[in-house]
Amino acid sequence: MISQRSVVACVALMVLLAACSGTSFAQRTASQPAVIPSPKSVLGFTPGDDRTIAGWSQITDYFERLDRASDRVLVQTLGQSTLKRPVIVAFISARENILALPKYKEIQQQLADPRKVTSGLQRDRLLANGKVVVTISCSIHSTEIVASQMSMQLAYELATAQDPETRAILQNTILLLIPSPNPDGVDIVANWYRKTLGTPYEGKEPPELYHHYAGHDDNRDWFMLNLKETQLITRLLWHEWFPEIVYDVHQQGTNGSRLFIPPFYDPPNPNIAPLLLRQVGLIGHKVAADLQAAGFEGVLTNALYDTWWHGGFRTAPYFHNSIGILSEAASAHLMTPLTVTTEQLARSSTRGMRNAIEATTNFPDPWPAGEWHPRDIMAMEMISSHSILEMASKFRSEYLRNFYELGRTSIESSNKGEPQAYLIPAGQARDEAVAKLIGSLIDQGVEVFRLDRELHAILATPVVRRTNPVAEKVGSYRRLASLTSSSMQEVPAGSYIIFLAQPQRTNVLALFEPQIYPNRLTAQGEAERPYDVAGWTLPLQMNVEAPAVVAIKELPSERKLTLLKDANEVRADLALPLKKGDESPIKNPLKQPVRVGIYKGSMGNMDEGWTRYVFDTFNVPYSSVRDADMRKGSLNAKFDALILPSQAATQIVSGNAAGTFPPEYTGGMTDAGVKNLKEFVSNGGMLICFDNACDLAIKEFNLPLRNVLEGVRSSDFYCPGSVVALDVDNKNPIAATLPASVPAYFISSSAFATATADANVRVVARYAKENVLLSGWLLGEDKLRGQIALAEVGVGKGRIILFGFRPQHRGQTWGTLPFIWNALSSAGATSTEE
Ligand SMILES: [Zn+2]
């Protein structure tokens, strides 16, 4: 039986399919000056068709043709991706706006920094003349492939449509359409998909990282800016164009809601302006209502995804006074359709959605199960894009004004007693970390000044102190950090200062303050998992001293400040080699050449990718070691040290199960690899294990240690992505260059204890005896206090180094990288320390 709703849906879909067929709009318009090629005429298929996929050169080729044929489209190459593919953006707007892009860019730059606006008249002129700048970014996660295909159809429609609504959109907005911020990944997925099409592996995700270093974490890099792609797009967005609205198009799993759209779930980040959260909700509901009106079922709001974390494509905008929108469509199997059953929907459960079959206020129209095609995903993403553009167009002046006003509030002085600035004092002897920290800040548009003469100020260290038990109980989202202040002191010349009175005030706060994640528990008393990490405070992760400044003695004119333009100015100050071109200027920190192997299993492992990233950045040579190499053996002939990045022991040993992937991608290092690893260590090799990989070493080598957190319930202990304090034995050569207390990154990580004292076990660092949590969320601190965080165990003639935490997490934890360099520097030399 066909319900009336399905008829509406079918009609809406037919209209949409007609629009997607590559003929309707173009043929309907007699006044179109040039023949604008449809995606189908160029690709030979309509984007979104089952079992078709356009790779990156096809996508860029299409956009080049569109640029040539349409005066509404201008394509710009921003630079090259990690693997040297062009990263592009298409500006789409009315012809007269495209011709005047420099003027509109200038308006955006003034609205973004109200200090450039000196009169009410000037402000009103900007608000009257400006266009709402909207960014739509597709498929940063490359297996969420449909949006990258959709981008061509969206651009084509906007380039050809003549209806009054679209014309108004083109008049009032400037769209920055990014077909994908990860071009390498589009090709990794497209090549894999074509290779496996028609085989039993059709539609499976590729067994490798879809970003050379970061894989899925390419969307966790938007404040650290480690990756080329992130750097290029951050420059476009937050140095040049300052979009009022950023829409990041994603896909989720196959069995839940058909599409998630904001409002988001709790908790919100306390530094996000409430006005932004409201505007996010307003746009989200507009999208949801338009989808409903078009007959689409299964749209979910207020669930799963939250705004707590920083560093995502759609979360970073909040800290630039902009609106960040996320959509998450249910996935197909890449471009292959699938069938979802009612039973699967009934089992799909997440925060804010008990299952995917029951109607609730935030999920009023469950989808009734059935076939699910890439075309369904694309149709919903097209409607979402149009809805957002329509909102931007209809409320043009409101969006511009709100954006300007948020910037204006940000440049006001802080209240008395609250931080006025953050300081990076000179003379920290952590020069590379200081240069990287300041470089990342400047690259995302934060103003950093050098003090050219000393300054007298009251400094304070923000600490995590949960002082409000009532607020705690209800999971207050207010900031609970308190300041321990001192008296007026002299800050030496050559220090760096970041004032909060700048348009990016909330970004500075979000990066420098400790995060205090509310204690959120499920009805059963288990920890409710945050969407991403709970804490990330950047100076802590990098072990750079960065106290808050609560008062300054000198008048502004007496401060003698220089605004920094780039990281090279800091590098010059600190007598570090300057960065030229793309090469990392950092000197290899190892004391002597060491033959390092980094284990790369048969499946993509982000921790492995970030390990390579860190080694490449520090110019430390290494080889990737595959399962076949491990099985072959004779490892001592090739390596002095082997690193196992964090990965479950079963994955390392067994890899992908037979039959799940083509044979060359199945099977792990196997027992033969483990045997060779044992031989390697007992012959004098150094084995370094990160976090989960310690499991393999402890069990296979029968080490006299156990992970005290194994099997612990989340009601007793929980710590999801937080910064914790270590007490360090810096008499041990592995910790020789480090202070007695070091912040480390803990992400559901490990903590060890020994059954009995054992002369072969040397403890390098323990989790602190008290006040373990520095930023984030830690339930059950007693489980962690004083336990072993980093140990060195002698085995035969060799050594195993066990990192319970993540010393190189996402390429952000520069504070704990020295442990790795020190360990490697001693590889080959047997420690004599007792
Ligand atoms: Zn995604």
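No lab work stands behind these numbers, since they all come straight from the coordinates. As the structure is a computational prediction, the values presented were derived from the model and not from experiment. Cβ coordinates were reconstructed from backbone atoms using ideal geometry, including for glycine residues, and neighbour counts include every protein chain displayed.
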**Item:** Cα centroid of segment 520-560 to Cα centroid of segment 58-131, whole Å
**Value:** 34
**Asked** Can you pull the semi-axes for segment 689-818, root of five times each eigenvalue of the Cα gyration tensor, sorted largest first, whole Å?
**Response** 21, 18, 13
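Of the cross-linked pairs Lys131/Lys286; Lys416/Lys560; Lys731/Lys769; Lys116/Lys565; Lys632/Lys731, which ones have a Cα-Cα span greater than 26 Å in the structure shown? Spell out each step's value before the answer.
Details: Lys131/Lys286 20 Å; Lys416/Lys560 23 Å; Lys731/Lys769 19 Å; Lys116/Lys565 18 Å; Lys632/Lys731 38 Å.
Violating the 26 Å limit, Cα to Cα: Lys632/Lys731.
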**Request:** Please work out whether segment 131-235 counts as rounded, prolate or oblate from its C-alpha gyration tensor, where a ≥ b ≥ c are the square roots of the eigenvalues and a/c under 1.5 means rounded, while otherwise a/b larger than b/c means prolate and anything else oblate?
**Result:** oblate
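What helices in the chain pass both tests, a Cα length along the helix axis of 27 Å or more and a mean Kyte hydropathy of 0.5 or higher, using whole DSSP H runs? Spell out each step's value before the answer.
Details: long enough: 274-293 (28 Å, 0.64); 374-394 (30 Å, 0.08).
Once both thresholds are applied, what remains is 274-293.
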**Request:** Classify segment 229-275 as rounded, prolate or oblate from the Cα gyration tensor: take a ≥ b ≥ c as the square roots of its eigenvalues, call it rounded if a/c is under 1.5, otherwise prolate when a/b beats b/c and oblate if not.
**Result:** oblate
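What shape does segment 208-342 have by the C-alpha gyration tensor, where a ≥ b ≥ c are the square roots of the eigenvalues, rounded means a/c under 1.5, and otherwise prolate means a/b greater than b/c and oblate the rest?
On the way: a/c = 2.00, a/b = 1.22, b/c = 1.64.
Oblate shape, in that a/c is at least 1.5 and b/c is the bigger or equal ratio.
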**Request:** Hey, can you grab everything whose amide H is under 5 Å from the amide H of Asp532? Only 5+ residues off in sequence or another chain; H modelled, so Pro and N-termini drop out.
**Result:** Trp309
**Fill in**
Counting all Cα-Cα pairs in segment 652-699, those more than 17 Å apart amount in percent to 43
**Asked** Hey, got the dipole for segment 261-353? About the Cα centre, +1 on K and R Cβ, -1 on D and E Cβ, debye to the nearest 20?
**Response** 160
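Could you grab the Rg to Rh ratio for segment 294-420? Cα atoms only, Kirkwood for Rh.
Rg divided by Rh gives 1.08.
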**Fill in**
Given unit charges at Cβ for Lys, Arg (+) and Asp, Glu (-), the dipole magnitude of the chain about its Cα centre in debye, nearest 20, is 760
**Message:** Given the options Leu345, Tyr613, Thr409, identify the residue whose Cα lies farthest towards the positive end of the charge dipole of the chain (+1 on Cβ of Lys, Arg; -1 on Cβ of Asp, Glu).
**Reply:** Thr409
**Asked** Setting aside same-chain residues fewer than 8 positions from Lys580, which aspartates and glutamates have a Cα under 15 Å from its Cα?
**Response** Asp566, Glu569
**Item:** Percent of Cα pairs exceeding the 38 Å cut-off, where the set is the chain
**Value:** 43
**Inter-centroid distance (Cα atoms) of segment 417-450 relative to segment 782-825, Å** = 27
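Among DSSP beta bridges lying fully in the chain, give the percent that are antiparallel, nearest 5.
Details: 69 of 107 bridges.
Around 65 percent antiparallel, to the nearest 5.
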